[in-house]
Structure formats: structure tokens, C-alpha cells
Amino acid sequence: MIMTRFSATGATALLWLIALVIQAVFTPGLAAQGQASRYINPPALVKPNGYTHVVLAPDGRTVYVAGQVAFDSTGQLVGSGDFRAQADRVYQNLGRALASVGGTLEDVVKTTTFITDLKNVPTLREVRSQYARSGRPPANTMLVVSSLARTELLIEVEAIAILRTGVRFTE
């Protein structure tokens, strides 16, 4: 009985070891895991206060983009009271954020969209379709909220992207 347990445990450990070796060989990006995440605030976006616009994970491919709103690079609101103009600027800002790590909106796999009025959903869909990859839109969660960080904001979108080509860091 003891021998059987040892053999099963040993076999399990051997299988895990083989799996780790295969993963290391076939997914070289994992070698970059020792690197730290990169925190990036692109100059094309408003200077953030207390958060970072873009975080690139240690794998060099996974990108987290903070919620983008309709501010230009100087912090001025684009499209006051105009949902379409704000949505357009938000997707432009997402594109700028992704470009800072060599990505595009084509790389986005998940978005979370916050809007302040459900009546704007048809307009949102129109604007989003101009920026989304055709035939393969990212997963999305939409939330209708009573207000965003500033009352004049009508939409905010955050994103997760997986870059097709990893970013290589040089120190």
C-alpha cells in the first residue's frame, strides 16, 4: 500500500515536471516572467492622477488599459454633452494607449464599458463597430452607472489586450 502511494505520487510529480518542461520549451514568453510589470503613461493621453493608463504584464504580451474617457492630452473634455463625440474620443484614446506598447484595437480581447444612460447603447454600438475588429469583437461587459468620475463624462471603457508579438524590455 505504501509503495502504491509512493508510485502514484512519484508519477504525478514526474508528469508535472514534464508539463513544466514542455511549457517552458513551447512558450518562451514565460522566460520573461522574472521581469516586473511595466507602468506606462503615454504622452498622448491626459496625465493621470493616482493611476496608470497602461500596465504591461511581465509576459510582455498582456496589456491592461485603465478606463479611458473623453479627455484630450491636456485634460480638456471632448464632446461635452455629446455621447457620440465622447465615445469616439474614448476609442481613439484606447488606440493611443495600446500604441504605446506596439498594440492596436485588434489586440483587445476584453472590454468593460461604463455608460451613464441606456439610451446611448445604439450610438455606442455604431461607434464601437468603427473601431472593433470585424467578425471577432472582444468580450465585453456593459454597466449603466449613475455617474462617472466627473459628472460631464458619459462613457468610460477599460480594456485587456494580448499583443500578437511580445514587447521585449531593455534596461
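Values in this text are rule-based calculations from the coordinates and carry no lab data. A quick note: this is a predicted structure, and the numbers were derived from the prediction, not measured. Using ideal geometry, Cβ is built from the backbone for each residue, glycine included, and neighbour counts are taken over all protein chains shown.
Data for the structure
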{"item": "Cα shape, region 35-162, gyration tensor, a/c 1.5 rule", "result": "oblate"}
{"item": "Cα-based Rg and Dmax for region 91-171, where Dmax is the largest Cα-Cα distance (Å)", "result": "14.1, 48"}
{"item": "Computed over region 35-102, Kirkwood Rh from alpha-carbon pairs, angstrom", "result": "12.4 Å"}
{"item": "Dipole of region 97-164 [Lys/Arg +1, Asp/Glu -1 at C-beta], most positive-end residue of Val121, Ser134, Leu153", "result": "Ser134"}
{"item": "Region 124-156 versus region 72-123: alpha-carbon centroid distance in Å", "result": "7 Å"}
{"item": "Exposure proxy order (Cβ contacts within 10 Å, fewest to most) of Tyr51, Tyr64", "result": "Tyr51, Tyr64"}
